[in-house]
Structure formats: structure tokens, C-alpha cells
Amino acid sequence: MRFAPHATLDVMMITTIQYGDNLIYLLCRERRWTVIDPGSARAVVFALEKHGATLEQILITHPHGDHTAGVAMLKKQYACPVAGPPGDYGVDHVRHDGEIFRSAGTVIHVLGVPGHTDHDLAYYLSAQEAVFTGDTLFAAGCGRVIRGGMQTLWRSLARLQSLPDSTLVYGGHDYTLDNLEFAAVMFPHHDAIRERLDTARRLIDNGRSCLPSTIAEEKRTNPFLLCRDLEAFRRLRTRKDGW
Ligand SMILES: [Zn+2]
């Protein structure tokens, strides 16, 4: 378990909790705390106790166990509601594409970005220019197609690319180095990918995180966003599945 330093954006504090392979995000503004994808309750409780804080809401991007394992215990401990896509993980408020609601003291836009599953959601904080993309978009990568279909994921990635370039991207896992090594093999003459890989290696060697990235950076160096058409995307995603 590793806690990244806090980032303050428009007085929004975003704490990243690395738990195994997963990234759990704690959002706080005006002393209102929200967690996104608590794959572990213990890690979240530990972080909240450090701040003497209580949880107001749980947000889920998609109902896979590694993103929801902490829901039941957190819900019991803090008596807080759970919002997210449909599923049997304890959701109280099913959220849909296009909805706007308040959480963590800010306005959150729900973006339907299926493809990894049938019902993936991303949460876009317009005031803070930050998006939480679950397993749809990662730094230099994207999720596997488990249920949604290649074309569906392709469209969802296009949708995320239409956010402002400066938007900070917080994915559900940090596979950045592996993703960039794959990208460098697939696009061997792409200078920006090579530079990003070198930067990522340097950051990791110094014990620092490669996240968050930005939409601009993803558009420039994410191999899946560089695909010109659906067929190229399908081929690349299939190659990555066997990588
Ligand atoms: Zn998943």
C-alpha cells in the first residue's frame, strides 16, 4: 500500500492510494470526502483516519471486484451511499451517461464510456479539469474488451479525447511503464512515445508516480488513441492482450 503526495486543484485535494495493482482515489473539497473505486476498505479507512475525516459517498466506475471489494465494509462503517453503474456490488444510486451531480464539494459529470464492461462510467470534474476513467483509459493504454465490444470501446475512447486537452487523467490502474514499452515496440519511430517512456522510467527510478497524465499527452502518445481507424485499433488491442 502506497500513498502518493496530495495534489491540490482548485482547493480540491485528490489523494491516490495505490493498493496492489489498483488506484483508489479520495477526493475532498470543503471537507466533503468521496472515494472512487475502493478496491480495499482498509486502505481507505487508514487514509481517512489520518485526516479525522468521514466518507460522504462512494463512486464506482465499473463493477469489477478489484474496484468494489471495499464497498460493503465502507458502507457499513460510514453509512454512506454508493453511486455507479448497475451491478450487484451494493449500488444505491445507479448513474447514467449525461447526469450531473454534486459530490466531494464539486460538480461531477457522468460520462458513459463502455467497452471494458457493458456499463463503464467516467467521472469528469469540470471545475477541476480532471477525469477518472476507471479501466476505460489508462496512461498510455486502455482496458481490455471484456464485455462491451471493440467498437464500443473505440467510441468511448474518442469521447474521452474530446475533453479539453488540459484535463488531468486518473485511470484505475498504473500500467504506465508496461503500456509505454508496448507502445515503443508498436511505434518504433515515434519520438514522443520514446521521450515519454524515458520520462516514465526516470520518474519510477526516483520513486515517483507517472500519474496523472493529461488528455493532450494521451492524444500524443497513447498508442490506442493514435490508431487511425477501428481495424487498426482492433489489431492493436488484440496484440496487447497477448503482450
Ligand atoms: Zn475492470
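Could you say whether any residue in segment 72-81 is within 16 Å of the ligand (Cβ to nearest atom) and either out of contact with any Gly (no Cβ under 7 Å at 6 or more places or on another chain) or closer than 18 Å to residue 106 by Cβ (or both)? Among the residues of segment 72-81, not one is within 16 Å of the ligand (Cβ to nearest atom) and either out of contact with any Gly (no Cβ under 7 Å at 6 or more places or on another chain) or closer than 18 Å to residue 106 by Cβ (or both), which makes the answer no. When residues in segment 117-149 are screened for being more than 16 Å from the ligand (Cβ to nearest atom) and charged (D, E, K, R), 1 of them pass. Among the conditions (1) under 29 Å from residue 147 (Cβ atoms); (2) in contact with a strand residue (DSSP E or B) (Cβ under 6 Å, 6 or more places away or on another chain), the only one that residue 65 does not satisfy is (2). Return yes or no: is residue 170 crowded, with 16+ Cβ neighbours inside 10 Å, within 16 Å of the ligand (Cβ to nearest atom) and not polar (S, T, N, Q)? Taking the combined requirement at face value, the residue satisfies it. Residues that are under 24 Å from residue 67 (Cα atoms) number at least 2 in the following helices (runs of 4 or more DSSP H) confined to segment 149-243: 150-161, 176-186, 215-221, 230-241.
Restricting segment 175-203 to residues that are in contact with a Cys (Cβ under 7 Å, 6 or more places away or on another chain) and not polar (S, T, N, Q), the residue that is surrounded by the fewest Cβ atoms within 10 Å (Cβ to Cβ) is 203.
Checking each residue in segment 97-116 for being outside any loop (DSSP other than H, G, I, E, B), out of contact with any Lys or Arg (no Cβ under 6 Å at 6 or more places or on another chain) and more than 16 Å from the ligand (Cβ to nearest atom) picks out 100, 101, 102, 103, 107, 108, 109, 111. Total residues in segment 23-58 satisfying the condition of being touching a residue at least 60 places away in the same chain (Cβ under 8 Å) and among the β-branched types (Val, Ile, Thr): the figure is 2. Quick check on segment 82-105: of everything there that is surrounded by 15 or more Cβ atoms within 10 Å (Cβ to Cβ) and more than 22 Å from residue 159 (Cα to Cα), which residue is modelled with the lowest pLDDT? Restricting to residues being surrounded by 15 or more Cβ atoms within 10 Å (Cβ to Cβ) and more than 22 Å from residue 159 (Cα to Cα), the top hit is 105. Could you list, in sequence order, all residues of segment 119-137 that are touching an Asp or Glu at 6+ places or on another chain (Cβ under 8 Å) and either more than 19 Å from residue 12 (Cα to Cα) or free of Cβ contacts under 8 Å to residues at least 12 places away in the same chain (or both)? Once the filter is applied, which keeps residues that are touching an Asp or Glu at 6+ places or on another chain (Cβ under 8 Å) and either more than 19 Å from residue 12 (Cα to Cα) or free of Cβ contacts under 8 Å to residues at least 12 places away in the same chain (or both), segment 119-137 yields 120, 121, 134, 135, 136, 137.
Within segment 123-157, the residues that satisfy the criterion of being within 15 Å of residue 108 (Cα to Cα), under 10 Å from the mean Cα position of the chain (by Cα) and of a type in the set (Phe, Trp, Tyr) are 123, 132.
The values are calculated or read from the model by the stated rules, or taken from the named source; none is laboratory data. The model shown is predicted, which means the values in this text are computed figures rather than measured ones. Positions of Cβ are generated from backbone atoms using ideal geometry, with glycine treated the same way; all protein chains shown enter the neighbour counts.
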